[in-house]
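Read the figures in this text as sums done on the coordinates, not as results from a lab. Quick caveat: nothing in here was measured; it's all calculated off a predicted structure. Positions of Cβ are generated from backbone atoms using ideal geometry, with glycine treated the same way; all protein chains shown enter the neighbour counts.
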Amino acid sequence: MMLHSFKEYDHKTKQKKYEKELKIVEETIRNSFSDSEKQAPHWQPLSDFYDIAEEYFIKWSKVRSDILSHPKYQKDMAAGRIVLVRHKSHVNKLGILLSADPKGKKIVSYSGTV
């Protein structure tokens, strides 16, 4: 049996070319939007909002492990709990916590949607 179809083979041969093009496009986008002074004035409030939101998420990711290691939340993160999952495309989906790190620093595993 063939491992890959002809279409996949063509894509794999051109993968490095696609990655180079993607890096060029990402760099162009980053350069065009990195300096907020170059932007039109009507985009400034939106740009400020996204800058503040990015800062919030960076700070939240640093604090989250400390919050989850608190004894009160340690009991709440016990195996068998039903949790509400909000991660990438999974928004407001139910899951079951299968196990958790004893230190409370991270969730080890959880099942998909219930």
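With the simple model of a label 7 Å out from the Cα in the direction of the Cβ, VAL63 to VAL85 spans 2.7 nm.
Each of LEU46 and LYS12 was given a label point 7 Å from its Cα along the Cα-to-Cβ line. The distance between the two points is 4.1 nm. Distance between the pseudo-spin-label points of LEU98 and ILE24 (7 Å out from Cα toward the beta carbon): 4.4 nm.
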